[in-house]
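Notes to accompany the following structure.
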Amino acid sequence: MKQPAAALYVRVSTDDQTVDNQLIALTRWLNERGLGIAAVYQESESAFKSGHQTELARLRADSRRRGRPWDIVAVWALDRLTREGPTRALSLIADFRSVGVRVLSYQEQWLDMPGGLDEVFTALIAWVANWESKRRSERTKAGLARLAAGGKTLGRPKGSTDTKKRKKRRYYEPVKSI
């Protein structure tokens, strides 16, 4: 019999962050449950602004393909999937479930619970993630406004060039269980 396998979806919000902690915890967690890892979808994009998550779009498209090597999507936490609120979170999960894909969350292990109570918890957690994202944005804007009002020039100095080294996006080939 074929070992059940998962596709990992890991996301960080900026290029300065790393998905390594998510990958380590998810790999260990799935291995403890006898689940292999068939694919990894990784991106550095804000989950609040829709349309930017190309790997999530690819994961959703792959979930509809016949013969996909996985039937589970595993995430570190629900807010890694989306911060757009309850409607978006419930819609994404329903889309996966409609094609026979379970969604598991390391942080919200109740997500796979039968009986509908998982939808109540999902809506609440998704609302909190959306609220937290908006509050963070408000604090950032207030801080920038305070600095600008104090005469601080914001942004790159005139005449400077962008010399920041950028990470290349890494795409992983499907791997066998570790």
inquiry  = Output wanted: per-residue J couplings in Hz (rounded whole) for the stretch 57-62, from phi through Karplus 6.51 cos²θ - 1.76 cosθ + 1.60, θ = phi - 60°, x for Gly and Pro.
reply    = 4, 5, 4, 5, 5, 5
remark   = Scalar couplings 3J(HN,Hα) for the stretch 105-110 by Karplus 6.51 cos²θ - 1.76 cosθ + 1.60 (θ = phi - 60°), nearest whole Hz, x for Gly and Pro, are 10, 4, 7, 10, 6, 6
task = Count the net charge of all other residues whose Cβ sits under 10 Å from the Cβ of D95, scoring Lys and Arg as +1 and Asp and Glu as -1.
result = +3
ask   = Ranked by Cβ crowding within 10 angstrom, fewest neighbours first, how are L104, L8, L56 ordered?
value = L104, L56, L8
note = Assertion target for D112, D71, D20, ordered by fewest C-beta neighbours within 10 angstrom first, is D20, D112, D71
request  = Work through the residues other than A145 whose Cβ is under 13 Å from its Cβ and net out their charges, Lys, Arg +1 and Asp, Glu -1.
outcome  = +3
note = In nm, the gap between the two label points placed 7 Å beyond Cα toward Cβ at A145 and A94 is 3.6 nm
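No lab work stands behind these numbers, since they all come straight from the coordinates. This is a predicted model, so every value here is computed, not measured. We place every Cβ from the backbone using ideal geometry, glycine too, and count neighbours over all the protein chains shown.
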